[in-house]
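First the structure, in the form of structure tokens, and then the observations on it.
The values are calculated or read from the model by the stated rules, or taken from the named source; none is laboratory data. All figures in this text were calculated on a predicted structure; none of them were measured in a lab. Cβ placement follows ideal geometry from the backbone for every residue including glycine, while neighbour counts extend to all protein chains displayed.
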Amino acid sequence: MIETILITGNRGFIGSYIEKTLSDHYNTIGLSRADGSDITDYHSLKKSESKIDVIIHTAAIASDDYETSFQTNVVGTLNLCKYAKENGIKRFILISTIFALEENDNGYFNSYGKTKKTSEEVATAYCKENGIDLTILRLAQVYDDARLGQSGQAMLYYFIDTIQTQDQITLFGRRNPLRNYIHIDYLCSVIEEVLTEKKVGTWNITEEKSHTITEIAYIIFDVLQKQPNISYLTEKPNIPSVHIPYEDRYNSDTLSSIPLIDGIKRILNHDK
């Protein structure tokens, strides 16, 4: 029997890719504000006519306002856990972020990161109490060829566009922080494997190799076959750091992540 999967935020960047990938092998049902559903309002979550086997919860908001973030990321997650319980749904996959890790070098442990951390705690407690299998996937920064994720990963695409059009790049601050980017195709493959193998647990979804922002600039110059031309404005504010977790990384015997250099080539080829 083909399983039915409810995907929240299916009109968003990550949710739309997941829905497109899974629709070949699963019945998929989308849940978003576009269809009148609001995860912050439990009563707007209409009971599905189909029996749902799994919820994949991608809907979230990255707001600087803590209250706004809390309502969507925490209350919304709690409402969906309650929805799972009341509709007999026994599997819940929560899409989270490495920004939820409370570490000294996490410059993004802000309203978004803090409320995503709390959403993990809420989902863990609720699902354990109610016998729901929970999988938490903490994502590094996700990008794609078609630039649908450009608003969330503005720096990467800015580097590509600036080096391509101006043959140079200026970096701000005195630090040279690390970044870790995962391609949306790799993420979708992980989701498929988690579903097929019914994996339960918490994993960090990261690319095998992280890069400093200077290294990223050099990679782009190399791909474009241009002479590197990088200048630095050290008096400008430092670019925030990202904590890259190396423990609890998702590993697979069959899947390989996409190296950033290959991802950059794919973006440039898609742009042609």
Check on Ile56, in contact (Cβ under 8 Å) with a residue 60 or more places away in the chain and closer than 29 Å to Phe99 by Cα: yes
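For region 147-176, what are the residues that are more than 26 Å from Gly12 (Cβ to Cβ) and either in contact (Cβ under 8 Å) with a residue 40 or more places away in the chain or under 17 Å from the mean Cα position of the chain (by Cα) (or both)? Write out each step before concluding.
The first filter runs over region 147-176 and keeps only residues more than 26 Å from Gly12 (Cβ to Cβ), leaving 162-176.
Ile163, Gln164, Asp167, Gln168, Ile169, Thr170, Leu171, Phe172, Gly173, Arg174, Arg175, listed by residue number.
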Any hit, region 50-69, residues being surrounded by fewer than 18 Cβ atoms within 10 Å (Cβ to Cβ), out of contact with any Asp or Glu (no Cβ under 6 Å at 6 or more places or on another chain) and within 24 Å of Asn130 (Cβ to Cβ): yes
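Among the listed residues Thr206, Thr212, which satisfies the condition of being of a type in the set (S, T, N, Q) and touching a Ser or Thr at 6+ places or on another chain (Cβ under 9 Å)?
On the way: Thr212 fails: touching a Ser or Thr at 6+ places or on another chain (Cβ under 9 Å).
One residue alone meets the criteria, Thr206.
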Residue check, Tyr126 aromatic (Phe, Trp, Tyr), surrounded by fewer than 22 Cβ atoms within 10 Å (Cβ to Cβ), over 26 Å from Ile5 (Cα atoms) and in contact with a strand residue (DSSP E or B) (Cβ under 9 Å, 6 or more places away or on another chain): no
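Specify which of the listed residues (Ser241, Ser210) is free of Cβ contacts under 8 Å to residues at least 40 places away in the same chain and touching a strand residue (DSSP E or B) at 6+ places or on another chain (Cβ under 8 Å).
On the way: Ser241 fails: free of Cβ contacts under 8 Å to residues at least 40 places away in the same chain.
Only one candidate passes the filter, namely Ser210.
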Count of residues meeting criterion [modelled with pLDDT of 95 or more, among the small types (Gly, Ala, Ser) and either under 26 Å from Leu101 (Cα atoms) or under 25 Å from the mean Cα position of the chain (by Cα) (or both)] in region 191-249: 3
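Here is a check on your reading of the model: is Ile160 out of contact with any strand residue (DSSP E or B) (no Cβ under 9 Å at 6 or more places or on another chain) and not assigned by TED's automatic domain parsing to the domain that holds Tyr83? Spell out how you get there, then give the answer.
Numbers: out of contact with any strand residue (DSSP E or B) (no Cβ under 9 Å at 6 or more places or on another chain): yes; not assigned by TED's automatic domain parsing to the domain that holds Tyr83: yes.
Yes.
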Only one of Ser50, Ser63 that is touching a residue at least 12 places away in the same chain (Cβ under 8 Å), more than 19 Å from Arg11 (Cα to Cα) and of a type in the set (Ser, Thr, Tyr): Ser50
Flag if Asp253 is surrounded by fewer than 16 Cβ atoms within 10 Å (Cβ to Cβ), touching a Gly at 6+ places or on another chain (Cβ under 9 Å) and without any contact (Cβ under 8 Å) to a residue 60 or more places away in the chain: no
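Among the residues of region 224-231, is there at least one that is of a type in the set (A, V, I, L, M) and out of contact with any strand residue (DSSP E or B) (no Cβ under 7 Å at 6 or more places or on another chain)? Break it down stepwise before answering.
Here is the first cut: in region 224-231, the residues of a type in the set (A, V, I, L, M) are 224, 230.
Checking which are out of contact with any strand residue (DSSP E or B) (no Cβ under 7 Å at 6 or more places or on another chain) leaves us with 224.
Scanning region 224-231, I find at least one residue that is of a type in the set (A, V, I, L, M) and out of contact with any strand residue (DSSP E or B) (no Cβ under 7 Å at 6 or more places or on another chain), so the answer is yes.
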